[in-house]
């Protein structure tokens, strides 16, 4: 692609943006340089998200800024002519946070992925804030089942490889073929990522090493043990996120996958959380995980109970949000548990894992919600789920009822 075409593409992506209050003065220039570097290597670089296709309709014009970009483009072309580069996946985000449950926050292919680089916030032509997230792949060792064409595991294993039965897994990001966790054909080509402190991969037969990959014999059993690395909760803003800031969560600390397995393929540690002032303990149920397609998550079933005089009931004791508040109490539903992300993505594009999932409190009818701008009566929550992870609390109900809405 010639310079004018590359600059026109860059103009279409960034020409209507300006730095938002609080961002670095050179933030936009840094983004433009980064995108130019990628467009030189891959002129067809895909940028997903809303309004990313030539959203700035005016033709590219020569200005002092564009002259600078033209000179920079020539430098980048000369430098990359002799350098191999890995092209990232790029997403234009419209929220100040990342949540796999919200499409303008994280794309479906990035569920469980952490951005490698983020630029923003910027203001678009409507005065709304946007960010650009770049997802670069990381180096892992791919583990194949003999005869398979896609890896079943991608693990941070260091040092020389040898055909043995046990491998030490380093700290970093572990990626697991999601179909090994929830046994369904619907999860073909999906991967689940976990941040880990380390672990081990043990096999019933020695593996072979082929082209730098670990190949497990077809009839061999595997046992993957991972020590999980829970995210620290980010600092809360001064004017929002009060309920999430005061929530506490202790995620499962261990994860063990066995394959093949007659029953549930995974064993995980217990968990707990305090949210909306209610303390909840989660106990593993040793029941097979379930794929929940509408939210793109795997549910590992746990039993839940509150630390109260009525342990079968979740009661909202505090709700501090000035935007949306909850009230009431409801009994725990059977669909409580540990939510693990699953992304349909080329394994060659897998990068850093975003965390260790989230805890899900599924409830029967009994809670209600009210938010700014709502007209009329409170909204009745018929079958809500309260999803808790470090620094983020999400309440979801696809069956909520309000006579005015």
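The values are calculated or read from the model by the stated rules, or taken from the named source; none is laboratory data. Every value quoted in this text rests on a predicted model; they were computed, and no experiment measured them. Backbone-built Cβ (ideal geometry, glycine too); neighbour counts: all protein chains shown.
A few notes on this one:
- Residue count for region 277-295, restricted to those that are in contact with a strand residue (DSSP E or B) (Cβ under 7 Å, 6 or more places away or on another chain) and under 13 Å from residue 186 (Cβ atoms): 4
- When 342, 348 are screened for being touching a helix residue (DSSP H, G or I) at 6+ places or on another chain (Cβ under 6 Å), closer than 30 Å to residue 254 by Cβ and in contact (Cβ under 8 Å) with a residue 40 or more places away in the chain, only 342 passes.
- Tally of residues being in contact with a strand residue (DSSP E or B) (Cβ under 6 Å, 6 or more places away or on another chain), within 22 Å of residue 289 (Cβ to Cβ) and buried (at least 19 other Cβ atoms within 10 Å of the Cβ) across region 241-264: 6
- Given (1) touching a helix residue (DSSP H, G or I) at 6+ places or on another chain (Cβ under 6 Å); (2) within 20 Å of residue 338 (Cβ to Cβ), index of the condition residue 151 fails: (2)
- Test: residue in region 178-188 that is in a strand (DSSP E or B), over 18 Å from the mean Cα position of the chain (by Cα) and either at pLDDT 95 or above or surrounded by fewer than 21 Cβ atoms within 10 Å (Cβ to Cβ) (or both): no
- Residues located in region 1-37, provided they are over 23 Å from residue 135 (Cβ atoms) and in contact with a strand residue (DSSP E or B) (Cβ under 8 Å, 6 or more places away or on another chain): 18, 22, 25
- Hits in region 119-159 - residues which are over 28 Å from residue 221 (Cβ atoms) and assigned to a strand (DSSP E or B): 119, 120, 121, 122, 123, 129, 130, 131, 132, 133, 134, 135
- You will find that of 96, 110, the residue that is within 15 Å of the chain's Cα centre (by Cα) and modelled with pLDDT of 90 or more is 110 and no other.
- Residues of region 300-346 satisfying the condition of being assigned to a strand (DSSP E or B) and closer than 26 Å to residue 89 by Cβ: 339, 340, 341, 343, 344
- Residues satisfying the stated conditions in region 216-240, i.e. touching a strand residue (DSSP E or B) at 6+ places or on another chain (Cβ under 8 Å) and farther than 27 Å from residue 99 by Cβ: 216, 217, 218, 220, 221, 222, 223, 224, 225
- Residues located in region 208-240, provided they are surrounded by 21 or more Cβ atoms within 10 Å (Cβ to Cβ) and either touching a helix residue (DSSP H, G or I) at 6+ places or on another chain (Cβ under 8 Å) or farther than 17 Å from residue 156 by Cβ (or both): 216
For (1) buried (at least 16 other Cβ atoms within 10 Å of the Cβ); (2) part of a strand (DSSP E or B), each residue gets a yes or a no:
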{"site": "348", "(1), (2)": "no, no"}
{"site": "356", "(1), (2)": "yes, no"}
{"site": "362", "(1), (2)": "yes, yes"}
{"site": "375", "(1), (2)": "no, no"}
{"site": "388", "(1), (2)": "yes, yes"}
{"site": "404", "(1), (2)": "no, no"}
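- When 103, 163 are checked against the criterion of being under 30 Å from residue 188 (Cβ atoms), at pLDDT below 95, touching a strand residue (DSSP E or B) at 6+ places or on another chain (Cβ under 6 Å) and surrounded by fewer than 19 Cβ atoms within 10 Å (Cβ to Cβ), a single residue qualifies: 163.
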